1. Being part of a loop (DSSP other than H, G, I, E, B) and in contact with a Gly (Cβ under 6 Å, 6 or more places away or on another chain) is the filter here, so list the residues in the stretch 77-109 that pass it.
2. Given (1) under 16 Å from Cys131 (Cβ atoms); (2) touching an Asp or Glu at 6+ places or on another chain (Cβ under 7 Å); (3) free of Cβ contacts under 8 Å to residues at least 60 places away in the same chain, where does Cys173 come up short, assuming only one miss?
3. Filter the stretch 39-85 for residues that are surrounded by 16 or more Cβ atoms within 10 Å (Cβ to Cβ) and charged (D, E, K, R) and give the result.
4. When you scan the stretch 219-242, how many residues do you find that are assigned to a strand (DSSP E or B) and more than 16 Å from Thr149 (Cα to Cα)?
5. Scan the stretch 122-166 for residues that are within 14 Å of Ile220 (Cβ to Cβ) and assigned to a strand (DSSP E or B) and jot them down.
6. In the stretch 128-143, is there at least one residue being at negative phi, in contact with a Leu (Cβ under 7 Å, 6 or more places away or on another chain) and without any contact (Cβ under 8 Å) to a residue 60 or more places away in the chain?
7. For the stretch 29-51, give me each residue that is within 23 Å of Leu90 (Cβ to Cβ), among the basic types (Lys, Arg) and part of a helix (DSSP H, G or I).
8. Identify, please: which residue in the stretch 182-200 is hydrophobic (A, V, I, L, M, F, W, C) and part of a loop (DSSP other than H, G, I, E, B) and is, among those, surrounded by the fewest Cβ atoms within 10 Å (Cβ to Cβ)?
Amino acid sequence: MKKKMKSLALASTLLMSLAACTQAAGANLDDVKKAFMSQFPSRPVKSVAATPVKGIFEVVVDGKQVVYTNADASYLFVGDLIDTKKKESLTEKRVSELSKVDFNALPFEFAFKDVRGKGERKMAVFTDPDCPFCKKLERESLKDLDNVTIYTFLYPLTQLHPDAMRKSKQIWCAQDRAAAWTGFMRDGKPLTGPDNCDTPLEKVQQLGQKLGITGTPALIFANGQVVPGAIDGSDIEQLLNAK
């Protein structure tokens, strides 16, 4: 946020200039969309909406990217729109909303689960057995969680970790997948089982790409929020309890 606040003066100046150049501040959103598409015909537009800045409009392109324009799309602003009173990025908030998924629609048959206590709270983790941050998440953040059901989707990033696919297959082929996973990730126990059973790993790869998951670990909570990285256990607790 500090870095973003440093560029606030430049961003504010640009936005004010754009608003001043806008002749049709109350433009119809369909007209804004048409103007944008005429300028950028190769960028599919998902939605157009007004912003708190008069004459400036939010345009969502390519599914999740948020950009800003004036009514006739003669100017384009790519960056964060910041609410200086609340000290928050409206762009970050919007992208987070766009990234939400339907948790209950996830194909849980492609994951193995760990039920702790009553297992009432639910989350999913896309993870890689050779990812150091995934191991940190397992050893520190997830270790002491209770009353939770964790669905683990094996998502090896083979470009970074060439042996991760083989290890993922071994974990999936294990008689007790959750135990094999925990032993390897937390305790450093070697994987010795087969890697030649049928696995859903290719389908999980396709699912991750569809959801826009480009790194591991990636956490998905029951409210649909997607959070990247090995976040702290206290943050996970809050997200598990969020509505």
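Nothing in this text is a laboratory measurement; each read-out follows from the coordinates by a stated rule. Everything numeric in this text was worked out from a predicted model, so none of it was measured. Cβ sites come from the backbone with ideal geometry, for glycine too, and all protein chains shown count toward neighbours.
1. Lys100, Val101
2. For Cys173, the failing item is (1).
3. Of everything in the stretch 39-85, those that are surrounded by 16 or more Cβ atoms within 10 Å (Cβ to Cβ) and charged (D, E, K, R) turn out to be Glu58, Asp72, Asp80.
4. Of the residues in that region, 3 qualify.
5. Let us first name the residues in the stretch 122-166 that are within 14 Å of Ile220 (Cβ to Cβ), namely 122-127, 137, 142, 148-153, 155.
Correct list: Lys122, Met123, Ala124, Val125, Phe126, Thr127, Val148, Thr149, Ile150, Tyr151, Thr152, Phe153.
6. Taking every residue of the stretch 128-143 in turn, none turns out to be at negative phi, in contact with a Leu (Cβ under 7 Å, 6 or more places away or on another chain) and without any contact (Cβ under 8 Å) to a residue 60 or more places away in the chain.
7. Within the stretch 29-51, Lys33 is the sole residue that qualifies.
8. Initially, the stretch 182-200 is screened for residues hydrophobic (A, V, I, L, M, F, W, C), giving 184-185, 191, 197.
From what is left, the residues that are part of a loop (DSSP other than H, G, I, E, B) are 191, 197.
Details: Leu191: 19, Cys197: 11.
Taking the candidates together, the pick is Cys197.
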